[in-house]
Amino acid sequence: MVHGIRRAVLLALCIAWVLQGCQNQAATIELRPTCNFNAVVGKPGQGPAIADVPTAPSALIETPLNSVNITDFKIANKIMIQDTKARRSPAGTVEVWARFVNCTDFPLQLEARTHFLDEAQAPAEGVSGWNRVFLPPRAYGVYQESSTNVTKVRYYYVEVREGI
C-alpha cells in the first residue's frame with residue numbers, strides 16, 4: 001500500500017511539474033509586433049536636409065518635413081509609424097509611402113494625406129485627398145501617394161487621422 005501511495009504522489013508531482021512548465025511557456029509568448037510608446041515620447045522627428053531657422057522665437061513647434069504626423073489624439077496610442085520613404089518614379093513624380101503598425105488587438109482604419117512642397121517649402125501642388133488604410137490587429141499597413149508635379153516637389157509630409 002505504501003508503494004501505491006508513493007506511486008500516486010510521484011505521478012501527482014510529475015503532472016504538477018508538467019503543468020507548471022506549460023504555464024511558464026505560455027507566459028513568455030509575446031504578441032508581435034510590440035509597440036513601445038515610451039521609447040518615442042520626446043524623440044524629435046527626422047528633419048529635412050535643408051532647414052531654415054526662424055528669425056524670431058515661436059511657440060509653434062514645426063512639423064518635420066519628410067515625415068508622418070499623427071494629427072488625431074484618438075489614434076496616437078493605437079498605431080506606430082514603422083517607416084516612411086519617398087523616391088522619384090520613372091515618370092518623374094514623387095512616390096511617398098508610410099508603413100503603419102496596429103498596436104491593438106482589434107482592427108483599425110486610418111486615413112492619410114500628403115502635402116508636397118517645393119524647394120522653398122511652399123505647396124508644389126494641392127494636398128492629396130484622404131486615403132483609407134485598413135489595419136488588422138497587430139499587423140502592418142501601407143499608405144502610398146504620388147505627386148502630380150514632376151519638377152517642383154522636394155519635400156513632403158503626411159498627415160494621419162483615425163478613419164471615420
> Restricting the first residue to the stretch 113-140 and requiring it to be touching a residue at least 24 places away in the same chain (Cβ under 8 Å) and within 22 Å of Tyr155 (Cβ to Cβ), which pairs with a second residue that is among the small types (Gly, Ala, Ser) and surrounded by fewer than 12 Cβ atoms within 10 Å (Cβ to Cβ) meet a Cβ separation below 8 Å and a spacing of at least six or different chains?
Replying inline: Arg113/Gly129
> If you scan the stretch 119-152, which residues turn out to be hydrophobic (A, V, I, L, M, F, W, C) and touching a Leu at 6+ places or on another chain (Cβ under 7 Å)?
Replying inline: Ala124, Val133, Leu135
> Where residues in the stretch 104-137 are surrounded by fewer than 14 Cβ atoms within 10 Å (Cβ to Cβ) and of a type in the set (A, V, I, L, M), which of them is nearest to Asn69 (Cα to Cα)?
Replying inline: Val127
> Can you find even one residue in the stretch 143-157 that is farther than 18 Å from Thr63 by Cβ and in contact (Cβ under 8 Å) with a residue 60 or more places away in the chain?
Replying inline: no
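Here, each number is a calculation from the coordinates, and none is a lab measurement. All figures in this text were calculated on a predicted structure; none of them were measured in a lab. Cβ sites come from the backbone with ideal geometry, for glycine too, and all protein chains shown count toward neighbours.
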